[in-house]
Amino acid sequence: MGHTITAEEFERFRALIYDESGISLNDQKRTLVESRLSKRLRDLGIQTFSEYYRVITEDATREEFTQVLDLISTNKTDFFREPQHFEFLRTKILPEVAATRKIRIWSSACSTGEEPYTIAMTLFESVQDAAQWDCKILASDLSTRVLAKAASGVYDQDRFRDVPPDILRRHFLRGRGGRAGLYKVKPHLAAMIQFRRLNLMAERFPITTPLDLIFCRNVMIYFDRPTQQTLVNKFYGYLKPGGYLFIGHSESLQWVKHPFQTVVPTVYYKAP
């Protein structure tokens, strides 16, 4: 027997998800929410969405709410996804900070980790003395599940379809025996990255050092315009003058009021 979400139940879930994560679900998403959460109800032996709502809101660990977010959002990502951004990092940003050999980067919706590892690979592939650089990458996500995957640094070989074989060899260890078909990130990349659970809806972020670069790609498509505007303006405050914000190619700040200068589509600059 399937589970049906009533209009009232959907409104309660929609409000909770929006308040906690900023994800905006319109009426057309009701069927999606019903279909994606029904399996969770079956797994837990729960009969109604109202009962499931009580489970979520009474769970002090927030683990079940994380399950909800994982189910209704898409965590699709790839190594070197939207490669123009990494080319911009290589040709424009890294030369600008080469004199200090220091850079601070935030991958603010890192999902399973492909983005921050690609950023680190880009650094190593772009400068001769990368090991001598002071490079720190904060990689965050709302989902503890995807963060655990990212922190493990282990991926199936089919995840590397778009990674040149020589780059793969330099930065990942190939599994053998029972680990055949898997690759694990090498220590020189892992040492650059700190994985941490952060909610982009938080009033303030635990970041005390001004950032050179913020990646926030393919997450704002889930937010309504007021939430986008609030977030983008918060990002501005955490970037140092001369810093950059990257958003996804499916996103636009055209209708959002913000103080950034547009460099190229999806790349924004905080003028000194």
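The values are calculated or read from the model by the stated rules, or taken from the named source; none is laboratory data. Quick caveat: nothing in here was measured; it's all calculated off a predicted structure. For accessibility, only protein heavy atoms count, side chains too; no ligands or nucleic acids. Shrake-Rupley method; radii C 1.70, N 1.55, O 1.52, S 1.80 Å.
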**OP:** Apply the Debye scattering formula to segment 82-166, with a single equal point scatterer on each alpha-carbon and no solvent, then give log10 I(q)/I(0) at q = 0.11, 0.12, 0.25, 0.26 Å⁻¹.
**Re:** -0.32, -0.39, -1.32, -1.36
Subject >> Greater than 22 Å apart at Cα, pairs in Lys92/Lys257; Lys92/Lys184; Lys76/Lys270; Lys92/Lys240; Lys186/Lys240 >> reply: Lys92/Lys257; Lys92/Lys184; Lys76/Lys270; Lys186/Lys240
**OP:** May I ask you to give the percent of accessible area on segment 44-186 that is carbon plus sulfur, with a probe radius of 1.4 Å?
**Re:** 49 percent
**OP:** Give me the percent of DSSP beta bridges within the chain that run antiparallel, rounded to the nearest 5.
**Re:** 40 percent
Subject >> Angle in degrees between helix 63-72 and the longest Cα principal axis of the chain, rounded to the nearest 10 >> reply: 80 degrees
Original post:
What percent does the relative contact order of the chain come to when contacts are Cα pairs within less than 8 Å and at least six residues apart?
Top reply: 17 percent
Original post:
Which of Ala148, Ala98, Ala15 moves the most in a Gaussian network model of the chain with Cα springs under 10 Å?
Top reply: Ala98
Original post:
Hey, in the GNM for the chain with a 10 angstrom Cα cutoff, which one of Asn26, Asn233, Asn218 fluctuates hardest?
Top reply: Asn26
Original post:
With θ set to phi - 60° and the Karplus curve 6.51 cos²θ - 1.76 cosθ + 1.60, what are the ³J(HN,Hα) couplings of segment 38-44 in order, to the nearest whole Hz, using x for Gly and Pro?
Top reply: 4, 4, 5, 4, 5, 4, 8
Original post:
Around Leu239, which amide H atoms from residues at least 5 apart in sequence, or from another chain, sit under 5 Å from its own amide H, with H modelled in the peptide plane?
Top reply: Leu211
**OP:** Provide the three semi-axes, in whole Å and in decreasing order, of the ellipsoid equivalent to segment 171-272 as defined by the square roots of 5 times the Cα gyration tensor eigenvalues.
**Re:** 32, 16, 14
Subject >> Choice from Thr208, Thr122, Thr66 with maximal GNM fluctuation in the chain (Cα, 10 Å cutoff) >> reply: Thr208
**OP:** Match the structure shown to one of the listed values (i) 16.3; (ii) 13.2; (iii) 15.2 of mean projected area of the Cα convex hull in nm², computed from it, and give that label.
**Re:** (i)
Subject >> For the chain, accessible area per residue (1.4 Å probe, heavy atoms of protein chains only), Å² >> reply: 51 Å²
